[in-house]
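A quick write-up on the structure given underneath.
The values are calculated or read from the model by the stated rules, or taken from the named source; none is laboratory data. In this text the structure is predicted, and so the values were computed from the model without any measurement. Cβ coordinates were reconstructed from backbone atoms using ideal geometry, including for glycine residues, and neighbour counts include every protein chain displayed.
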């Protein structure tokens, strides 16, 4: 089981937490442009434990910040145009703009269908490896609803990252085990899980997962044979979390 990290705020201070990582890892780096991502990626070239650096494009807050059919169409076009012809690994974070700019529900309503096609086309045709991050595991009828609103896209090539943040949501263990098995059956090696949070995010009010709770989450992922677990986020890493993660990495 590969244990990787999101980093939504790739400052020097947050990236310095890599000194606590003693296992092969991946980094999902948020950036507002490909040029910004490339600058950060170059800074990480000498980090031997980093197996791969993945581009996580984010929009300006007034544009919706995350990727969805309600994001500003010009912003989606800008991001996708920057990536045209490239083959770097990319993750699309599919979330609604409710907390960033709810006016977009009205402003982009007329572009909803074309924006949805724009996102689907990028997922289908991007020549590099692509991943999509979606809301926490849902039952099938809810996943169908997510498809309708443009937060889930059928694809034979994209990896699916389910955001299973137990510090934010209280799931029954039996439900989680069932959903993990369903995800593995449906997506196989393309199924990944995000866990946390061990640091606050863009909202600034996210509850923090304890090291003991993180250990339980990772044990469940290991038992379900999830190929990759992504921790939100690197900047929250400390010695207690690192010990849990290193032990999980060794036992996988």
Of residues in region 147-175 being in contact with a strand residue (DSSP E or B) (Cβ under 7 Å, 6 or more places away or on another chain) and not in a loop (DSSP other than H, G, I, E, B), the one surrounded by the fewest Cβ atoms within 10 Å (Cβ to Cβ): 160
Condition met for residue 44 (buried (at least 16 other Cβ atoms within 10 Å of the Cβ) and in contact with a strand residue (DSSP E or B) (Cβ under 7 Å, 6 or more places away or on another chain)): no
Residues of region 228-244 satisfying the condition of being touching a residue at least 60 places away in the same chain (Cβ under 8 Å) and surrounded by fewer than 17 Cβ atoms within 10 Å (Cβ to Cβ): 238, 239
Unmet requirement for residue 93, which otherwise passes all of (1) under 24 Å from residue 202 (Cα atoms); (2) modelled with pLDDT of 95 or more; (3) surrounded by fewer than 20 Cβ atoms within 10 Å (Cβ to Cβ); (4) touching a strand residue (DSSP E or B) at 6+ places or on another chain (Cβ under 6 Å): (3)
Yes/no for residue 116 being modelled with pLDDT under 95, surrounded by 13 or more Cβ atoms within 10 Å (Cβ to Cβ) and either assigned to a strand (DSSP E or B) or over 18 Å from the mean Cα position of the chain (by Cα) (or both): no
Test: residue in region 176-188 that is out of contact with any helix residue (DSSP H, G or I) (no Cβ under 9 Å at 6 or more places or on another chain), assigned to a helix (DSSP H, G or I) and over 30 Å from residue 117 (Cβ atoms): yes
